[in-house]
1. Given the -39500 (n - 2.57) contribution per DSSP H run of 4+ residues, what per-residue ellipticity at 222 nm results for chain B, rounded to the nearest 500 deg cm²/dmol?
2. Go through B:Arg209, A:Arg190, B:Arg194 and list them by solvent-accessible area, largest first, probe radius 1.4 Å.
3. Need the full-extension length gain, B:Trp86 to B:Ala240, defined as separation in residues times 0.36 nm minus the C-alpha distance. One decimal, nm.
4. To the nearest 0.05, how large is the calculated FRET efficiency for B:Leu27 and B:Leu316 if R₀ is 35 Å and r is the Cβ-Cβ distance?
5. Can you list the HN-Hα couplings for region A:215-222, worked out from phi with the Karplus curve (6.51, -1.76, 1.60; θ = phi - 60°), rounded to whole Hz and with x for Gly and Pro?
6. For region B:30-242, with every protein chain kept in place, what is the accessible area per residue (1.4 Å probe, Å²)?
7. How large is ³J(HN,Hα) for each residue in region A:28-33, as worked out from phi by the Karplus curve 6.51 cos²θ - 1.76 cosθ + 1.60 (θ = phi - 60°), to whole Hz, x for Gly and Pro?
8. With only alpha-carbon atoms counted, please give the Rg and Dmax of region B:30-242, in Å.
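The values are calculated or read from the model by the stated rules, or taken from the named source; none is laboratory data. Quick caveat, the model's predicted, so the values are computed rather than measured. Heads up, the Cβs are rebuilt from the backbone with ideal geometry, glycines too, and the neighbour counts pull from every protein chain shown. Just so you know, the surface numbers come from the protein's heavy atoms only, side chains and all, with ligands and any DNA or RNA stripped out. Shrake-Rupley method; radii C 1.70, N 1.55, O 1.52, S 1.80 Å.
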Amino acid sequence: MEWVDFFLQQLITGLSNGMIIALIAIGYTMVYGIIELINFAHGDLFMLGAFLALTVLGALGLGDWSGASAWAAVVIMLIASAGFCGLLNWGVDRLAYKPLRNASKLSLLVSAIGASFILVNLGLFWGGLPMDVFAGGVAAAAPKDFPALVPNTNLLGEESLVQFTPKDVLVWAVTVPLMMGLTWIVTRTRLGKAMRATAQNPVAARLMGIDTDRVIGATFLIGGALGGFASVIYSLYNNTISFQMGYRAGMDAFTAAVLGGIGSMPGAVTGALVIGLVRSMSDAYLETRWTNTIVFGILVLILIFRPSGLLGSRAKEKV
Amino acid sequence: MRRLPMPILAYFAIMAALPLFMGATGLFYDAFQAIFVFSLVGLGLNVVTGFTGLLNLGMAAFMAIGAYTFAILTSDIYPFQIGFWWGILATVAIGAVAGFLLGAPTLGLSGDYLAIVTMGFGEITLDVLKNLDAVTKGTQGINPLPRPTFGSWTLELQQERGWYWLLLGFVLLAVLAVRRLERSRSGRAWLSIREDALASQCMGIPPKRTKMIAFATGSALAALGGALFAALLSSTGEPASYDFQVSILALCIVIVGGMGSVAGTLVGAVVMVGMNSLVLVKLADWAGAAGVGNASNVLASPNNWKYLIFGLALILVVRLKPDGLLPPRLEGGAS
């Protein structure tokens with residue numbers, strides 16, 4: 001049954017890519033839920049996370065990574081990129097968004113677009129670092145190879161037509177616990193309660209003694225950290241990074257967040273899985289060059305019939 | 001029609017006189033022709049986003065539709081060849097129809113959902129243009145395109161001053177039309193929908209039809225901008241020249257200039273496009289002349305700082321002038 005194998009293969013690829021998109025999409029949806037901002041800079045933050053991971057790897061030394069040492073390097077990169085992206089996202093909020101809390105939403109959006117341009121430019125500079133992993137800094141704008149620390153061997157055996165590799169395991173091993181942890185934070189902790197309260201009504205939350213600025217800061221920190229995790233697994237999965245990759249990743253993730261119902265975390269994950277699957281199926285069964293058209297076509301269709309996204313609440317828009 | 005307000009009159013007076021102090025060709029014209037084209041697109045987006053409060057992230061798609069419609073209708077590689085003026089008229093009409101077609105199923109969506117649908121429409125348009133290269137001629141673009149004629153006289157491509165005034169004339173027409181519309185029944189309906197959709201609906205304003213008219217107007221202006229840009233270059237250029245960055249530029253023009261302000265949009269176009277195609281280019285030239293423009297170090301090439309400067313400028317403008325450089329004046333209690 002070759003076609004079954006082929007289909008299963010697309011399913012695995014689609015879901016793994018979808019889970020990576022989901023981590024980025026959560027960052028969009030959290031920020032949107034709390035300050036109603038489409039954080040344009042989020043995709044580019046993700047891109048910088050990948051550059052940091054590569055830099056860390058370069059600093060650790062480009063030896064012959066295998067077995068335990070490779071996994072140790074992966075863990076170090078995950079922690080470094082998550083911390084970096086979390087702090088950077090928090091800093092971007094501080095410098096570019098916080099002063100505009102009372103301005104119109106569109107001014108905030110333009111500020112986010114500005115931040116996005118700056119991050120892209122920093123990515124370009126970063127690619128010019130005189131390190132071995134950046135090809136000595138020649139051709140700063142060129143895509144960079146990301147070392148294959150995680151092997152591409154088939155866990156289902158050499159003869160199986162379906163590829164299920166340690167890369168897929170890595171994706172699921174990182175994303176699932178993170179999403180469970182995040183759900184726990186949002187539903188069970190004081191911070192989570194404060195976040196939900198601020199999302200619902202910032203003024204009332206402040207009157208109840210919630211320090212909304214801190215809550216918003218924490219939201220950016222957590223959302224950014226998730227983007228950092230995503231950047232490392234993305235790089236290990238695809239083995240190439242470029243300073244322009246934030247645009248595509250951000251577009252997919254933001255689309256996923258809207259598709260699922262923006263502001264809703266389960267929605268973001270659902271939307272991301274849908275997009276991952278549609279992408280892989282379209283690449284395989286139709287033509288790659290029409291994939292974007294199909295993704296956005298499906299998005300438009302779904303929104304026409306479910307105007308608040310797949311899992312979005314039907315509540316009225318805030319006035 | 002009421003008199004144009006002082007800032008707009010001053011703008012057109014200065015712009016019309018500027019070429020008299022400049023040479024006949026050069027960077028100045030490249031920059032200002034782009035500024036006028038984006039003024040048209042900005043005026044269109046100002047109707048959609050500024051007046052009606054609908055976020056549209058797909059203006060580039062309507063520019064592309066305009067450019068390719070114009071090219072297909074007028075270029076001598078296609079059978080239509082209806083000439084410059086009829087081509088422009090047809091393009092404006094088809095731009096409006098395209099706006100209607102996108103708006104009809106999607107304008108029920110609220111706020112950011114509409115934004116992403118328009119963004120998706122931009123991506124789809126770009127893909128279709130790339131993939132149908134048999135019709136769009138792929139990266140070559142459709143060319144050459146006809147030049148405008150006035151009686152027996154033809155405006156040639158290298159007569160940059162003529163193009164400058166022609167485009168400025170189109171901007172003036174667009175400003176008159178938009179200001180006329182703003183004060184019409186539709187225009188008042190746009191503003192009321194933006195201010196309070198529910199209340200205006202209660203007053204008997206049909207929300208969907210009002211939004212559709214705004215969308216069609218905006219799309220028609222963007223299509224006009226796209227067609228003129230193509231005519232100016234005598235080529236549609238490659239599909240990638242109508243990407244998301246272009247839509248973002250249009251949005252920045254409207255917001256930096258001042259949402260809902262016609263004069264603000266004109267100023268926004270001068271600032272944003274001027275920075276892109278005049279200031280940054282000049283900076284690169286000076287740095288090159290000073291000998292720091294070599295490519296061995298990424299930091300040394302001024303061109304590599306372009307996005308950083310653009311981004312910083314955006315953040316600073318909205319920080320210092322959150323309502324834009326020239327916000328709309330309060331008129332009779334309504335903004």
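1. Values: 14 runs with 214 residues, N = 335.
Result for chain B: -21000 deg cm²/dmol, rounded to the nearest 500.
2. Putting B:Arg209, A:Arg190, B:Arg194 in descending order of accessible area: A:Arg190, B:Arg209, B:Arg194.
3. Numbers: separation 154, 0.36 × 154 = 55.44 nm, distance 2.65 nm.
Between B:Trp86 and B:Ala240, full extension yields an extra 52.8 nm.
4. Numbers: r = 25 Å, r/R0 = 0.71.
After rounding, the FRET efficiency stands at 0.90.
5. Listing the rounded values in order: 5, 4, x, 5, 4, 4, 4, 5 Hz.
6. On the way: 7840 Å² over 213 residues.
For region B:30-242, the per-residue accessible area is 37 Å².
7. 5, 5, 5, 5, 4, x
8. 17.4, 55
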